[in-house]
């Protein structure tokens, strides 16, 4: 039977009814329905749609959590190789449902997901990073073309074949950077790009530079003598021996370490895990990276309220922004729960 | 300034009683080689191995790679400020044992040293799987600090390179290539109608094991200055750094600078290549401001219409790249940037630590966070266990069977930011 596929469609394409049936609860039927027939024809004997899940658009959007849970369970029972939703064209709520279900399936069941919709469908911006999302026309008039592209992607994902560029495969760029081997070495590509730029010809940059989000500084601490201060560092400070094995570069985790009873960091109780600088001076005296000694003195003399019992640490070297954001969110939550008033951030 | 490079193509390397090149085969007297390379009282032991293309050999951790060259005519020698005086280099004739390389290894210095596989998937990502490598393993005496350790190994590599290079002194090269850049006014007048191009050559100088040297001077301490491109071919710029292996420029790459070579290839045809502005990537804001101001000023002063700017390293130096780009663009000069990316193992993060709308023409050496599995090799030269601590490695990188799973970051030269390699990245 080749690759096993589960297909998700709304009440309209499921033949249940129009807007009046949009509150239809999720239902699983065996085999294909509606656009699934076209998909199955495109697959031939290389893949089989074992079942189809039908759900009303209003029902899904008004009961996102509950509906997602039920739908995930239905898919899990089938244990498919690939999951397909839609295509939704320009139907807004249907697009959002397709995107949300794809995201849930990808994240919870680790199954590759494909969907399709019109680029201005609100579901596109919300979920194009979470699925291979084929760019369709704004109406079902483009069904045939959409089905061809969705089917081709599903087959490739199901067999583990490499997926081509967004332009070649017809899906919306997911913002994922992937390495490729070029015909010319980088230096020649740069010189060729320079010649084009000098001549005023069109150039295609290999890396479109991102727009950064800027964070506004927090309000000043009202009375530092009463404030509970915590230390958070990307300079890699860790207890001697790096107990959590934080990586020297491209960190996958952060650590939370007690400094209860520690007034001074020494070669015996601390070191750095950071691979981006000569560790000699940090290992001699880790207070150089996180000023525990001075903060203890200030705590004793009443210059600050208190020093938080833990410090939080990771390695900033080569660590992805997404990982950093994730660590920061978890650390911030812990800081708030511990009633910390202010944080000293140190790097390297 | 005119430099004639005579290439002597090396087709094999073997140990022998006399060090010499015979019919394209490099013969190496092991004892003599080790005596020269190990001539430093801070060295406890040295050893030498050969690693050839296609062999099932892994070298880890790789510190630097050096090309054997010898000055046969003209002022100075190779590696001015280290292995000879500081005469102006870059003119006359230099012989190159093309295809041979000295690769230095030994106990790890810092965290950021690399892997070179001579075959298998890893070999595709490093240029040094294609060279006949003389692998010099250096162990310092006890009680040496990291930065001294780095210096000891660096100098041993240079001594080895000079020693081997001398074998090419009296050999007739297989071919010659001549490179010439004239003093500024003459150079401009030679091609008055062509647009003028300058190369902005950023050097890794974050300090603490992240250093590069120009004529023996720690480049942290230089004010951006002008170099004739040919000076680089005589080893005027050398690596002294332990930044991530994928995007640091080993000394070999400085000596074979790909941007300079490619600019020369179109020099006099598409544009007029005036020369290089070398600048640094220091860590304080004042240093960054000063160096980028001076760089932009020099580029303008030279009369450039367009520049290529290349970065070395990542993260903190992204700020220097962006400052150079902004300040040079503001003077009405066109820019192309070369960098690499740290987009996360899944490629979903933004790739740089700084950004500018002026950076609209970028060449990338690829995403250094991408994961690669390196299979077991029959021979391992060095210390495979460091796979778990070098930059790009993680706990569990080294499997019990000897295979290694790491980010490309750990492979020497994988994401070269001077465009030595063929890797790039696209948005999917």
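Structure notes:
- Spatially, the range A:266-294 and the range B:163-210 are offset by 42 Å when compared through their Cα centroids.
- For B:184, A:39, order by how many other beta-carbon atoms lie within 10 Å, fewest first: B:184, A:39
- The relative contact order of chain A, computed from alpha carbon pairs under 8 Å that lie at least 6 residues apart in sequence, is 13 percent.
- Inter-chain Cβ neighbour average for residues B:190-202, partner chain, 10 Å: 1
- Within the range B:300-331, backbone nitrogen closer than 16 Å to the virtual label 7 Å beyond the Cα of residue B:225 toward Cβ: none
- Each residue, residue A:303 and residue A:108, gets one label point 7 Å from its Cα in the Cβ direction; the gap between the two is 5.3 nm.
- P(r), alpha carbons of the protein assembly as shown - 10 Å bins starting at zero, rounded %: 3, 13, 20, 21, 19, 14, 8, 3, 0, 0
- Mean-position separation - Cα centroids, the range B:305-323 and the range B:66-81, in angstrom: 29
- Residue-averaged beta-carbon neighbours from other chains (10 angstrom radius) around A:197-207: 6
- Rel. contact order, % - alpha carbon contacts under 8 angstrom, at least six apart, the range A:231-306: 32
- For the range B:355-375, backbone nitrogen atoms closer than 20 Å to the point 7 Å from residue B:403 Cα along Cα-to-C-beta are found at B:370-375.
- Cα-based radius of gyration for chain A, normalised by 2.2 N^0.38 Å, reads 1.32.
- Each of residue B:72 and residue B:379 was given a label point 7 Å from its Cα along the Cα-to-Cβ line. The distance between the two points is 3.0 nm.
- A simple packing score, the average count of other Cβ atoms within 10 Å per residue, orders the peptides B:410-421, B:144-155 as B:410-421, B:144-155, with the highest score first.
- Panel note: the C-alpha atoms of the range B:2-410, placed on their principal axes, show extents of 55, 52, 38 Å (largest first).
- Averaged over the residues of peptide A:241-249, the number of Cβ atoms from other protein chains lying within 10 Å of each residue's Cβ is 5.
- The angle between the Cα long axis of helix A:92-109 and the main principal axis of chain A comes to about 60°, on a 0 to 90 degree scale.
- Distance between the C-alpha centres of the range A:226-245 and the range A:247-262: 5 Å, rounded to the whole angstrom.
- In chain B, Cα pairs under 8 Å separated by at least six residues give a relative contact order of 19 percent.
- Ordering of A:218-228, A:9-19, A:92-102 by burial proxy (mean other Cβ atoms within 10 Å per residue, highest first): A:92-102, A:9-19, A:218-228
- For the listed peptides A:108-120, A:197-209, B:111-123, a ranking on the average number of other beta carbons within 10 Å per residue, highest first, reads B:111-123, A:108-120, A:197-209.
Read-outs throughout are calculated quantities, based only on the coordinates presented, and are distinct from any laboratory measurement. Every value quoted in this text rests on a predicted model; they were computed, and no experiment measured them. In this analysis, Cβ positions are derived from the backbone assuming ideal geometry, glycine residues included, and neighbour counts consider all displayed protein chains.
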